[in-house]
Amino acid sequence: MNRVLLPKNLPELWSFLENEPEARVYAGGTDLLVQMRARCADNLVLICLERIAELTGIREDEDGFWIGACTTFRHLLNHPRIREQIPVLAKALSTLGSPPIRNMATIGGNICTASPAGDTLPPLYVLDADLILSTQSGERVVPLSGFITAPGKTQLERGEVLTQIRIKKPEGYRVQHFEKVGQRKALACAIASMAALVKTSPAGVIESARIAWGSVGPTVVVSPDAEAALTGKTLSPAVLEAAADLAGKAMAPIDDIRATAVYRRRVAANLLLRIGT
Amino acid sequence: MIIRFVLNGEETQIDCAPDRRVIDLLREDFGLTGIKEGCGSGECGTCTILVDGENRLSCLMLAVQLEGKSITTIEGLAGENRQHPLQEAFIRCGAVQCGYCSPGMILAARALLTENPEPTREQIREALSGNLCRCTGYQKIVDAVEAAARAMQKQKEKAG
Ligand SMILES: Cc1cc2nc3c(=O)[nH]c(=O)nc-3n(C[C@H](O)[C@H](O)[C@H](O)COP(=O)(O)OP(=O)(O)OC[C@H]3O[C@@H](n4cnc5c(N)ncnc54)[C@H](O)[C@@H]3O)c2cc1C
Ligand code: FES
Ligand code: FES
């Protein structure tokens, strides 16, 4: 039998973690419980984070949003300011899993699972999100871009919990784009995904482009070359095609049951052509 | 451990292992076999229950997570001796063949209609996209939810 604890607030969580330093935390359970069943895990201590008020909810300030790690996708999608200010994230959430999965699954769970196909990761990457990692004795701020070190591996240390996600509003990035290619619309893991933020001058010249791809490498893939190729140009098919060629070179996709590496690289790079459409 | 919750409108408590899956607890200890296990891994929706009105998957919940919650299963959807308009519509529209997916479909539709009493067909499809049906096909299921929505609106108007 596994023990399962249900702390109601952060002080309770810290005291449980102090007594059970080997405990595994979970939020929605949509990754962990699937994995545990496959491995018939036994004799573990689990701590369910879903009741901790300090870890759920969305707060907006002048510069952006603070999102509690255990906020569900449904909660985020129902938040009008998130949809309005960071559509690149909202669009990704709306493609994730299925309605019941979105009712249960959390943003913190998606980040900590660190899957190459995690749908929130490319948007959080281009948004330059910061993560607040906390223990009983304090907290540290880690950029999402460094947090994931390999598939399923993160910088989380033992006893450390992801408590908040900080997203600044992407001022001036008029184009916010997310695309996901899967085998079907719902309940489909990404074969490739792309998040893009593009800032243009009034004359239509690209001042800055931030682009990230999912499912085409061990973690999120970025291409400084492709971004540089877009900067200073006006958005046109030819400009996007040139950048797509460079982007393809940055990717390291794999063959798996969903798609071949060749297909993945091609389709992922070509997603760029949809920016601005 | 003792877990207290509301099950189909009744205060309930049970002494059970905290890591029992909710689907096993409700089927085996409470005999609520309307809940089905299609996949056991979140993919199919046959294990759907309503948790405080929201459709969730009982194969991915552990018993402790029931504490303090109000749970509705297909058995608790209708009142005494009558069917819920969704159940009536599923029968009338031929939206049930083997019936394995039906409890989950109906509960997911219930959650949708609470939030959006007049959904479009597209919104119905989207709301049911976490529930798979292997035999009826989705056309008649969407028809049934549309019909139930109309019937429920009429009921409401009558009640004033
Ligand atoms: C049917 C199905 C479809 C899915 N489809 C998609 C999809 O389309 N796209 C996608 O990206 N994912 C998908 N997933 C995966 C999963 O739903 C998401 O990754 C989800 O965001 C996980 O969140 P959770 O709260 O359920 O995580 P949990 O299962 O609760 O936790 C996942 C991991 O993160 C750790 N963790 C969770 N919260 C914290 C925290 N606050 N601090 C520290 N560690 C923490 C846990 O220890 C565990 O290792 C799918 C899963 C299923 C079952
Ligand atoms: S049995 Fe729970 S989703 Fe399939
Ligand atoms: S009626 Fe048989 S699975 Fe839907």
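The values are calculated or read from the model by the stated rules, or taken from the named source; none is laboratory data. Everything numeric here is computed off the predicted structure, so don't read it as measured data. Cβ: placed from backbone, ideal geometry, glycine included. Neighbour counts: every protein chain shown. Please note that ligands, DNA and RNA were not included when accessible areas were found on the heavy atoms of the full protein model with its side chains. Shrake-Rupley method; radii C 1.70, N 1.55, O 1.52, S 1.80 Å.
Looking at region A:96-146, which of its residues are aliphatic (A, V, I, L, M) and either within 16 Å of ligand 3 (Cβ to nearest atom) or open to solvent by 30 Å² or more (accessible area, probe 1.4 Å) (or both)?
Taking region A:96-146 first, the residues aliphatic (A, V, I, L, M) are A:96, A:101, A:104-105, A:107, A:111, A:114, A:117, A:121, A:124, A:126-127, A:129, A:131-133, A:141-142, A:144.
Hit for region A:96-146 is A:VAL141, nothing else.
Looking at region B:25-39, is at least one residue of a type in the set (Ser, Thr, Tyr) and within 16 Å of ligand 1 (Cβ to nearest atom)? No, that holds for no residue. Of all residues in region A:12-31, those satisfying the criterion of being more than 6 Å from ligand 1 (Cβ to nearest atom) and within 14 Å of another protein chain (Cβ to nearest Cβ) are A:GLU12, A:PHE16, A:GLU20, A:ALA23.
One residue stands out in region B:106-133 among those that are more than 12 Å from chain A (Cβ to nearest Cβ) and either acidic (Asp, Glu) or within 16 Å of ligand 2 (Cβ to nearest atom) (or both): the one that is nearest to A:GLY97 (Cα to Cα), namely B:CYS133.
Note on region A:137-177: residues that are modelled with pLDDT under 95 and touching a Phe, Trp or Tyr at 6+ places or on another chain (Cβ under 7 Å) amount to 1.
Right, A:LEU77: of a type outside the set (S, T, N, Q), within 16 Å of A:LEU5 (Cβ to Cβ) and within 13 Å of chain B (Cβ to nearest Cβ) or not? Here the answer is no, as A:LEU77 does not meet what is asked. Residue count for region A:32-55, restricted to those that are more than 11 Å from chain B (Cβ to nearest Cβ), open to solvent by 50 Å² or more (accessible area, probe 1.4 Å) and in contact (Cβ under 8 Å) with a residue 40 or more places away in the chain: 2. Answer yes or no as to whether B:LYS140 is within 12 Å of ligand 3 (Cβ to nearest atom), charged (D, E, K, R) and over 15 Å from the mean Cα position of the chain (by Cα). Yes; evaluated as a whole, the condition is true for this residue. Looking at region A:138-157, I want the residues that are more than 21 Å from A:ARG24 (Cβ to Cβ) and have a partner that is open to solvent by less than 80 Å² (accessible area, probe 1.4 Å) and of a type in the set (Asp, Glu) with Cβ atoms under 6 Å, at least 6 apart or on another chain. Which pairs are those? From residues that are more than 21 Å from A:ARG24 (Cβ to Cβ), the pairs are A:VAL141/A:ASP130; A:PRO143/A:ASP130.
In this structure, is B:GLU10 within 16 Å of ligand 1 (Cβ to nearest atom) and open to solvent by 50 Å² or more (accessible area, probe 1.4 Å)? Give the derivation first.
Values: within 16 Å of ligand 1 (Cβ to nearest atom): no; open to solvent by 50 Å² or more (accessible area, probe 1.4 Å): yes.
Criteria not met by B:GLU10.
Taken together, the residues in region A:175-232 that are buried (at least 16 other Cβ atoms within 10 Å of the Cβ), in a strand (DSSP E or B) and small (Gly, Ala, Ser) amount to 7. A Cβ distance below 8 Å, combined with a sequence gap of six or more or placement on separate chains, defines the contacts here; from region B:54-69, residues that are more than 7 Å from chain A (Cβ to nearest Cβ) reach no residue that is open to solvent by 40 Å² or more (accessible area, probe 1.4 Å) and among the aromatic types (Phe, Trp, Tyr).
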